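Asks: Quick one: the structure is below, and I'll ask about it shortly.
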Amino acid sequence: MSDVNGSGKFLVGIYDDDDVVLKAVRDVKKAGVRIHEVYSPFPIHGLDVALGHPRSRLGIAAFLFGLSGTLTALTLTAYTESFDWPMIVGGKDSYSPVVYVPVIFELTVLFCALGMVGTFLVSNGLGPTVKPLMYDLRTTDNKFAMAIDLSKNNLVEGDIEQILKNSGAAEVNVKQF
Amino acid sequence: MASAHAIPSLDEQFEFTAESKRRLLIGIGAGVALVAIGAYLLASGVGEHGTHEVVHGTGASEGHDGGHHAYKWTNRLWANVWLNAIYFTGASVIGMFFISYNYLAQAGWSSAFKRIPEALPAYLPFMGVVVLAVFFIAGHDLFHWTHEGLYDKASPDYDPIIAGKQGFLNTPFYLIRVVLYFVLWYVLWRMLRNFSLQEDLHGGTEYYEKSIKFGTAFLVVFAVTSSTSAWDFVMSIDTHWFSTMFGWYTLASWHVTGLAIITLTVVTLKERGYLQIVNDSHLHDLGKFMFAFSIFWTYVWFAQFMLIYYANLPEETIYYRERFSGYGGIYKAPFFINILLNFVFPFLVLMTRDAKRTYIFLKLAAWGIIVGHYFDFYVNIMPGTVGEHAGFGPIEFGMILIFACGFMWSISTQLTKANLIAKNHPMLEETLHHDI
């Protein structure tokens, strides 16, 4: 989706209220400004639509991770129970898929869950050694920030600042990475 | 979030047209005619496969080898009435279940169409009468445990296992329980329904608070009675066999059927121009409900099956042997249709987001579930009651027609009795802006 590893000069509008920032997104876009990203301490309903984010491809990733878990479980059970050390339990065939449905199910869920955590970390630029970009520290507390990448906008800085202020920004700061 | 679209009118009066009434009456008439034809064919022996000494297959049913209650053609008739009565009892009571847990969760989104689940339980009294009537008329033919000899040590029929269950499975207690189920379910629904109608007139949150209380009371009652009624209505047919999953299993089956009926009704009403305030997001949530509870049903079905398969105890596996290979294999097809229609079909149809917002896919999945769970109860009820004499003939289709048309009549009548939207529901504002 958005480029998390932004570099260069940003204008950051700080808002006090989630309703204001949601309306501001529409106003700022209407004024012809390209918004880099909006940061909020909590999810705002309808923000992704207002920002025009494309539909998330998370479902596809989840499906593929799940599928890898299913295949791993099928291979694991088939290899251990019917090739490496065939065993007959309870008079069943050495490979009876019905018995392994719980294993298959659990590994599907496990791979899917771990894969999604990984996807989350990568797509958000988080991780043990990565230093995340903070446009404004207060977005982890009670403020909402709208970041504008100046290099991707044709308008001059002063105009954008005015547009942000008009849209209800309490303050507009410059952030250089 | 500011709403850009105008809110449609909240005043909608459902009209049960003469044309719909005529169609339902024709349906019931056709059902009666089919049942009559089927009964005539059975009574005159047409369509019976050979003698009564038909191969019992590998899974000769318990209790059906004794000569003391030989098969009569009426058994199949009564087994069909019982099957449909249990199916539609479940479908009706789930309406109450749905509104109750939505009240308990203080869910707002579902209040847009809450009149539809609210209309379902009106069918309960009729089903109660049918269930009791069948038990009095044909209880002896359908339920092996009703035979006195089983409990008498001196009798040749004495069965120590069934005698051990006498504390629960005896006719007086059984009748008390059955009456109690229907009375409790119906009375609690009646109260919620009255609160809802009063709320339409007077507004305020007083009725809402009361509904939460009585809805919760119903959930407590239903937590117990959903399981015990499943034992009484279905599991006691195969008296020797038992499964600790059975209550949940039947509840799951009833629940997803009820959800499919609610969804189908909402979509049908929308197609006819009613329920303007129900938007894509409501439909999406209903679709998710059907999708999730199809999987839940499958989960319970599989858990029950796998434990029995794995443990491999003869007294438990007989249940699946009968259905899988017993009685000349006639239950094998319904057994697999059951899984295909109730798991594979809705799983594939409802998987994508767009499908859950599209009328045709919702209707397809709902119909699949509704038909599929008929097979579910068919597979559970028929082997123990009629064994190798079951089949799909005029009697089956006729009986479904009678019960289904009656159910639609009952729902339509209830829908006309109130505004189609609970216009003073405290959560209405939330449901009007429902957006996911």
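Just so it is clear, none of the values below were taken in a lab; they were calculated from the coordinates. This one's a predicted model, so the numbers in the text were calculated from it and none came from an experiment. FYI the Cβ positions are ideal-geometry reconstructions off the backbone, even for glycines, and counts take in every protein chain you see.
Asks: Filter chain B for me: DSSP H helices, axial length by Cα at least 18 angstrom, mean Kyte-Doolittle hydropathy not below 1.0. List them by residue number. Walk me through the intermediate numbers first.
Replies: Numbers: long enough: B:18-43 (37 Å, 1.22); B:73-104 (47 Å, 0.63); B:124-142 (24 Å, 1.97); B:171-202 (46 Å, 0.58); B:206-233 (37 Å, 0.36); B:246-271 (37 Å, 0.94); B:280-311 (46 Å, 0.67); B:359-385 (39 Å, 0.94); B:394-416 (33 Å, 1.25).
Membrane-span-like by this criterion, though nothing is claimed about a membrane: B:18-43, B:124-142, B:394-416.
Asks: Just flag the trypsin sites (Lys or Arg not before Pro) in region B:122-199 sitting in loop per DSSP whose Cβ has no more than 12 other Cβ atoms within 10 Å. Can you show the working numbers first?
Replies: Details: sites: B:Lys153, B:Lys165, B:Arg177, B:Arg190, B:Arg193; in loops: B:Lys153, B:Lys165.
Within region B:122-199, the qualifying trypsin sites (Lys or Arg not before Pro) (loop, at most 12 other Cβ atoms within 10 Å) are B:Lys153.
Asks: Does region A:58-143 classify as rounded, prolate or oblate by the C-alpha gyration tensor (a ≥ b ≥ c root eigenvalues; a/c under 1.5 gives rounded; else a/b over b/c gives prolate, otherwise oblate)? It would help to have the intermediate numbers written out before the result.
Replies: Numbers: a/c = 4.31, a/b = 3.67, b/c = 1.17.
Verdict is prolate for region A:58-143.
Asks: Here's a follow-up. Quick check: net charge around B:Phe291, other residues with Cβ under 14 Å of its Cβ, Lys/Arg +1 and Asp/Glu -1?
Replies: Numbers: positive: B:Lys288, B:Arg353, B:Lys356, B:Arg357; negative: B:Asp285, B:Asp354.
The answer is +2.
Asks: What's the exposure ranking of A:Ser94, B:Ser410, going from fewest to most Cβ atoms within 10 Å?
Replies: On the way: A:Ser94 13, B:Ser410 21.
Ordered by Cβ neighbours within 10 Å, fewest first: A:Ser94, B:Ser410.
Asks: Could you tell me whether region B:329-408 comes out rounded, prolate or oblate from its Cα gyration tensor? Rule is a ≥ b ≥ c as square roots of the eigenvalues, rounded for a/c under 1.5, then prolate if a/b exceeds b/c, otherwise oblate.
Replies: Values: a/c = 3.53, a/b = 1.65, b/c = 2.14.
Cα axes put region B:329-408 in the oblate bin.
Asks: Using helices alone, what [θ] at 222 nm do you get for chain A, with -39,500 (n - 2.57) per DSSP H run of 4 or more residues, divided over all residues and rounded to the nearest 500?
Replies: Numbers: 5 runs with 76 residues, N = 177.
Rounded to the nearest 500, it is -14000 deg cm²/dmol.
Asks: Find which of A:Gln176, A:Asn154, A:Phe65 sits farthest along the positive direction of the dipole of chain A, computed with +1 on the beta-carbon of Lys and Arg, -1 on that of Asp and Glu, about the Cα centre.
Replies: Of the listed residues, the answer is A:Asn154.
Asks: Follow-up. Based on Cβ point charges of +1 for Lys and Arg and -1 for Asp and Glu, what charge dipole magnitude is obtained for chain B about its Cα centre, in debye rounded to the nearest 20? Don't skip to the end; give the middle numbers.
Replies: Values: 26 positive and 33 negative charges, 160 e Å.
With Lys and Arg at +1 and Asp and Glu at -1, about 760 debye.
Asks: Now for a different question. Please give the net charge around B:Ala30, taking every other residue with its beta carbon less than 13 angstrom from that of B:Ala30, where Lys and Arg add +1 and Asp and Glu add -1.
Replies: Working: positive: B:Arg22, B:Arg23; negative: none.
Summing Lys and Arg as +1 and Asp and Glu as -1 gives +2.
Asks: Sort A:65-71, B:390-396, B:351-357, A:150-156 by the packing proxy (mean of other Cβ within 10 Å over each peptide's residues), most packed first. Show your work: numbers first, answer last.
Replies: On the way: A:65-71: 17.1, B:390-396: 18.9, B:351-357: 15.3, A:150-156: 13.3.
Averaged packing, sorted descending, gives the order B:390-396, A:65-71, B:351-357, A:150-156.
Asks: Looking only at other chains, what is the average number of their beta-carbon atoms within 10 angstrom of each beta-carbon in A:42-48? Let's see the in-between values first.
Replies: Working: counts 0, 0, 1, 4, 3, 1, 0.
Average neighbour count from other chains, rounded to a whole number: 1.
Asks: Compute the signed sum of charges (Lys and Arg +1, Asp and Glu -1) over the other residues within less than 15 Å, Cβ to Cβ, of B:Phe88.
Replies: Working: positive: none; negative: B:Asp376, B:Glu396.
Net charge in that neighbourhood comes out at -2.
Asks: Taking neighbour counts of Cβ atoms within 10 Å as a proxy for exposure, in what order, fewest first, do B:Arg272, B:Arg323 appear? Each step should come with its number before you reach the end.
Replies: Values: B:Arg272 11, B:Arg323 22.
Ascending Cβ contact count within 10 Å gives the list B:Arg272, B:Arg323.
Asks: If you don't mind, there's one more thing I want to ask. Any chance you could check the Cα centroid distance between region B:74-153 and region B:355-431 for me, in angstrom?
Replies: Here the answer is 13 Å between Cα centres.
Asks: Counting only helical runs of four or more DSSP H residues, what would the 222 nm mean residue ellipticity of chain B come to if each run contributes -39,500 (n - 2.57) and the total is spread over all its residues? Show your work: numbers first, answer last.
Replies: Working: 15 runs with 283 residues, N = 436.
Mean residue ellipticity at 222 nm (helix-derived): -22000 deg cm²/dmol.
Asks: Pairing the Cα long axis of helix A:18-30 with the longest principal axis of chain A, what angle in degrees results, from 0 to 90 and rounded to the nearest 10?
Replies: Relative to chain A, helix A:18-30 is tipped by roughly 70 degrees.
Asks: To the nearest 0.05, how large is the calculated FRET efficiency for B:Phe397 and A:Thr70 if R₀ is 45 Å and r is the Cβ-Cβ distance? Walk me through the numbers on the way to the answer.
Replies: Working: r = 40 Å, r/R0 = 0.88.
E between B:Phe397 and A:Thr70, to the nearest 0.05, is 0.70.
Asks: Which value, in debye to the nearest 20, gives the size of the charge dipole of the protein assembly as shown about its Cα centre, when Lys and Arg are +1 and Asp and Glu are -1 at the Cβ?
Replies: Working: 41 positive and 52 negative charges, 215 e Å.
Charge dipole of the protein assembly as shown: 1040 debye, to the nearest 20.
Asks: Could you list B:Phe16, B:Phe291 so that the one with the fewest beta carbons within 10 Å of its beta carbon is first and the one with the most is last? Provide the component values of the computation, followed by the final result.
Replies: Details: B:Phe16 16, B:Phe291 20.
With the sparsest Cβ surroundings first, the list reads B:Phe16, B:Phe291.
Asks: Cross-link list A:Lys143/A:Lys175; A:Lys9/A:Lys143; B:Lys165/B:Lys213: which exceed 24 angstrom alpha carbon to alpha carbon?
Replies: Working: A:Lys143/A:Lys175 16 Å; A:Lys9/A:Lys143 21 Å; B:Lys165/B:Lys213 36 Å.
Listed pairs above 24 Å: B:Lys165/B:Lys213.
Asks: Averaged across A:19-27, how many Cβ atoms of other chains sit within 10 Å of each residue's Cβ atom?
Replies: 1
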